[in-house]
Amino acid sequence: MAKWFLEPGHTAAEFSVRHMMVTYVRGHFKNVHGTLSFDPDHPSAASVEVVIDASGLWTGEADRDAHLKSADFLDVEKHPDIAFKGNQVELTGASDAVLTGEMTIRGVTRTVPLRVQYLGQWQTPWWEGGIDKGPKTRAGFIGTTSINRHDFGISWNASLDNGGVVVGNTVEITIDAEAILQEP
C-alpha cells in the first residue's frame, strides 16, 4: 500500500455551525498534518491519521476565536489537538467512500463517518529553496462529516427569546487534503 503525507501548506479543515438561529459561523484550521495509506486501485484498504492544531483556529473575529479556544468550547490549553484515525472504508461510488474512524475533540473520542471524495492525482513540481526538486505525485481528497458538539463535551450556550439559542448543536466539518506520495 502506497504511503502518503498530507501537505500542510495545501491541507485545511473548516467547520460551520448555526449562530443566533439566523446564520452560520465558519472557522478554519490551517495547521493540519497526517499520513495516508492509499492505492487508487484498491481504495477499500485505505487508512488515514490526521492531527489538527486546534490552537490555530481562525474565524476572522479575534474575540470569538478566543472564546472558541477557551474551556467553554475546545479548551485548547488542555486539548491542543483534534484528531481523526480511520481505516474502515465503504465504497459508495467510483471516487467516493465513507471512511469510518475515531475522532477526538477535547479528549473525547467518538466513532464518526467521514464522506470522502478522491479528486485524482497528478505529477507536479516540488519546490524547495527556489529549486524544483520534483516531480512529486500529489493526490487530492475532500472529506465531510457532521457531528453533534455535545457528544464531545462542548455544551456552552445561551438562550434567546422564543426558545432560540446562540450556538447550534450540529457542526459541519470539511477537510480539504492534498497528499504527497512518499513511498510507492
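Can you confirm whether ALA97 is in a strand (DSSP E or B), touching a helix residue (DSSP H, G or I) at 6+ places or on another chain (Cβ under 7 Å) and over 20 Å from SER16 (Cα atoms)? In short, yes. Once the stretch 68-93 is narrowed to residues that are touching a residue at least 24 places away in the same chain (Cβ under 8 Å) and small (Gly, Ala, Ser), the residue that is farthest from HIS42 (Cα to Cα) is ALA83.
Here the condition is being crowded, with 18+ Cβ neighbours inside 10 Å and not in a strand (DSSP E or B); of ILE154, ILE147, it holds for ILE154 alone.
Criterion applied to GLY60, GLY56, GLY34 was being out of contact with any Ser or Thr (no Cβ under 6 Å at 6 or more places or on another chain) and free of Cβ contacts under 8 Å to residues at least 24 places away in the same chain, and the one residue passing it is GLY60. Among the residues making up the stretch 1-49, a single one is within 17 Å of the chain's Cα centre (by Cα), hydrophobic (A, V, I, L, M, F, W, C) and surrounded by fewer than 17 Cβ atoms within 10 Å (Cβ to Cβ): PHE5. Scanning the stretch 17-64 for residues that are out of contact with any strand residue (DSSP E or B) (no Cβ under 8 Å at 6 or more places or on another chain) and part of a helix (DSSP H, G or I) gives SER55, ALA62, ASP63. Among the residues of the stretch 65-82, just one is exposed (fewer than 12 other Cβ atoms within 10 Å of the Cβ) and either in a strand (DSSP E or B) or touching a helix residue (DSSP H, G or I) at 6+ places or on another chain (Cβ under 9 Å) (or both), namely GLU77.
Filtered by the rule that a residue be closer than 20 Å to VAL112 by Cα and aromatic (Phe, Trp, Tyr), the stretch 53-98 gives PHE73, PHE84. So is GLY129 more than 25 Å from PRO43 (Cα to Cα), loosely packed, with under 13 Cβ neighbours inside 10 Å and at pLDDT 95 or above or not? Here the answer is no, as GLY129 does not meet what is asked.
For ALA13, the criteria (1) modelled with pLDDT under 95; (2) under 21 Å from LEU119 (Cβ atoms) hold in every case but one, which is (1). Only a single criterion out of (1) among the charged types (D, E, K, R); (2) in a strand (DSSP E or B); (3) more than 22 Å from GLU7 (Cα to Cα) is not satisfied by LYS85, namely (3).
Would you call ASN87 in contact with a strand residue (DSSP E or B) (Cβ under 9 Å, 6 or more places away or on another chain) and exposed (fewer than 15 other Cβ atoms within 10 Å of the Cβ)? Answer is yes for this residue. Within the stretch 100-143, count every residue that is within 30 Å of SER55 (Cα to Cα), in contact (Cβ under 8 Å) with a residue 12 or more places away in the chain and outside any loop (DSSP other than H, G, I, E, B). The qualifying residues number 22. The single condition among (1) surrounded by fewer than 19 Cβ atoms within 10 Å (Cβ to Cβ); (2) under 24 Å from the mean Cα position of the chain (by Cα); (3) closer than 30 Å to MET1 by Cα; (4) free of Cβ contacts under 8 Å to residues at least 60 places away in the same chain that GLN182 does not satisfy is (4).
The values are calculated or read from the model by the stated rules, or taken from the named source; none is laboratory data. None of the values given here were measured: they were computed from a predicted structure. Note that each Cβ is placed from the backbone with ideal geometry, even for glycine, and that neighbours are counted across all protein chains shown.
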